[in-house]
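The values are calculated or read from the model by the stated rules, or taken from the named source; none is laboratory data. Only a predicted model underlies this, so the values are computations on that prediction, with no experimental measurement involved. Positions of Cβ are generated from backbone atoms using ideal geometry, with glycine treated the same way; all protein chains shown enter the neighbour counts. For accessibility, only protein heavy atoms count, side chains too; no ligands or nucleic acids. Shrake-Rupley method; radii C 1.70, N 1.55, O 1.52, S 1.80 Å.
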Amino acid sequence: MLPTSPYRLPDPSLEALLGEDTPAGDATTFALGIGDAPGVLEYRARGPMTLCGSEEAARMGQLRELTAVGPVVASGSVLEPGQLILRLEGRAADLHAVWKTSQTLMESLSGIASATAAIVAATRQGNPSAAVACTRKNFPGTKAAAIKAILCGGAAPHRLSLSETLLVFAEHRAFLDEPPAATVARLRRSWPERRIVIEVSDEAEAVLWLEAGIDVLQLEKLPVEAVARIVAIATRMPRPPLIAAAGGVNASNAEDFARAGAGVLVTSSPYFAPPRDVAVTLRPAR
């Protein structure tokens with residue numbers, strides 16, 4: 001079972017989202033004079049999905065003095081079509097102020113979570129021990145929400161920021177003039193508690209860095225057959241590194257990469273998944 005609701009986005013972030021849609025109130029609701037009428041807002045899954053963002057939707061309601069009636073289905077839950085997610089009650093003006101922003105947030109995050117869950121399921125078909133990690137290539141400004149969504153889908157963050165990990169790309173190595181072993185030794189002296197990750201894009205370079213004693217070898221856009229060959233070499237090392245497959249990984253090929261022996265599959269594709277529809281009903285209270 002996947003962990004649910006890893007965290008909730010903070011109130012200032014939610015207020016900022018609500019404020020974007022109502023910088024000077026809701027003109028239509030005000031002009032019609034219906035703002036004080038009591039109403040009910042319901043959210044349901046229109047199709048199957050891995051849910052994300054329900055806690056944020058409920059909290060948006062609370063920030064506008066709405067009441068959540070009944071339980072709120074937790075982010076990370078797998079939903080069937082028509083399943084109720086959340087019910088809010090309160091003034092029509094407040095319901096309209098919350099409606100579209102909360103719906104769109106849930107749809108977008110549930111799209112990411114559902115796409116992530118599909119890749120994780122395919123990966124485990126190939127190797128139940130393999131993991132999926134999502135890159136930092138989320139749309140700028142959405143990191144906290146995007147990371148919550150991939151966690152709800154069963155993946156881990158690949159790296160949250162440049163400050164977090166030692167990941168040496170070819171673009172770093174272009175500034176170096178030393179053998180791989182010297183680079184590895186220098187990194188271990190400088191940051192002894194961090195694992196050393198090297199990304200390569202061809203087999204010959206992969207062997208050089210394997211022999212240098214790295215911790216993680218990230219294979220960028222190499223075919224499945226090449227990944228399998230490099231895994232076979234790595235397993236013969238005295239201290240075999242973790243092999244990561246990256247670049248173009250998605251639900252259609254994740255099983256193959258995992259079966260080839262990659263211990264972690266690195267992907268950005270969930271961030272670009274289409275939203276999952278959340279059906280909304282807004283009506284007067286009976």
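Near the amide H of residue 86, within less than 5 Å, lie the amide hydrogens of 43, all on another chain or at least 5 residues away, with H placed in the peptide plane.
Per-residue surface analysis assigns residue 8 an accessible area of about 110 Å², computed on protein heavy atoms at 1.4 Å probe radius. The string of couplings for segment 6-15 from the Karplus curve (6.51, -1.76, 1.60, θ = phi - 60°) is x, 5, 10, 4, x, 4, x, 5, 5, 4 Hz, one whole number per residue in order, with x for Gly and Pro.
The simple spin-label model puts a point 7 Å past each Cα toward its Cβ; for residue 125 and residue 259 those points are separated by 0.9 nm.
Per-residue 3J(HN,Hα) values for segment 173-178, derived from phi via the Karplus relation 6.51 cos²θ - 1.76 cosθ + 1.60 with θ = phi - 60°, read 5, 4, 9, 9, 9, 7 Hz in sequence order (x marks Gly and Pro).
At 1.4 Å probe radius, can you tell me the per residue accessible area of segment 14-139 in Å²?
Working: 5540 Å² over 126 residues.
Value returned for segment 14-139: 44 Å² of accessible area per residue.
Under the definition of Cα pairs under 8 Å and six or more residues apart, what whole-number percent is the relative contact order of the chain? Can you show the working numbers first?
Working: 587 pairs, mean separation 67.1, N = 286.
Value for the chain: 23 percent.
Working note: Karplus 6.51/-1.76/1.60 with θ = phi - 60° gives segment 270-286 the couplings x, 5, 10, 6, x, x, 9, 5, 10, 7, 10, 10, 10, 9, x, 5, 6 Hz, where Gly and Pro are set to x.
Within the accessible area of the chain, the carbon and sulfur atoms contribute 58%, probe 1.4 Å, all protein chains present. Less than 5 angstrom separates the built amide H of residue 131 from those of 264, 265, all sequence-distant by 5 or more or on a different chain. Near the amide H of residue 168, within less than 5 Å, lie the amide hydrogens of 197, 198, 199, all on another chain or at least 5 residues away, with H placed in the peptide plane.
The stretch between residue 160 and residue 215 holds 17.9 nm of extra length on full extension. This uses 0.36 nm per residue minus the Cα-Cα distance.
Taking 7 Å steps out from each Cα toward its Cβ at residue 69 and residue 178 produces label points 6.7 nm apart. Convex hull volume per residue, computed on the Cα atoms of the chain, equals 140 Å³.
With an 8 Å Cα cut-off and a minimum separation of 6 or more residues, compute the relative contact order for segment 69-160 in percent. Mind dumping the intermediate values first?
Numbers: 81 pairs, mean separation 25.4, N = 92.
The value is 28 percent.
When all protein chains stay in place and ligands, DNA and RNA are ignored, the 1.4 Å accessible-area order of 166, 242, largest first, is 242, 166.
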